[in-house]
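Nothing in this text is a laboratory measurement; each read-out follows from the coordinates by a stated rule. From a predicted model like this one, the values you see are computed outputs, not experimental measurements. Methodologically, a virtual Cβ is constructed for each residue, glycine included, from the backbone with ideal geometry; neighbour enumeration extends over all protein chains shown.
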Amino acid sequence: MDEGSRQPTIEELVVQHAQTVFRYAYRLSGSVADAEDLTQETFLLAAKNIAQLEHPARAQGWLLAITRNAFLRQRRGPHVTLLDDMAATIVESQLDSDDTDEQLIQIALQSLPEQQRVMILMFYFEDMSYKDIARELGVPIGTVMSRLARAKAALRKKLDALTKKVAPV
């Protein structure tokens, strides 16, 4: 390895990528507390497996993949969602802050089935190509394309419905 591609320390990874990992964990989980736990788990796993980081320039993608995999492992157990309560709170409060769009996007994402949510986040947040998603999920590229198209349509529909609910009367 040359100097420009030396193996980063876990401390360097935390400093450089903690905010991005947290935002991604929040998008996946929909909860600040869960996102904090997931972020911590991501960096613990990264510290244990840092030797597996073959291309230091791709550290962010590697960390986001760890985050996604940790989230999916956690989701295999029982989970209760408070999505309906969250949506009701936002609708009732008629939010008018700058955070409204961000909150509506999060609610819409959380209302999608897990498979669709993960697919959208892999494509938009991890900036993965169809080919990369297909390889990561072990499905044909055509399947990725059709699932992603359905996920985008579902997200658009959820956002439209939520936007209408919070629009001032």
Rough spin-label spacing in nm, given labels placed 7 Å along Cα→Cβ, for residue 137 and residue 16: 2.9
Intensity falloff of region 1-79 expressed as log10 I(q)/I(0), Debye formula with alpha-carbon point scatterers, at q = 0.12, 0.18, 0.25, 0.27 Å⁻¹: -0.33, -0.68, -1.16, -1.32
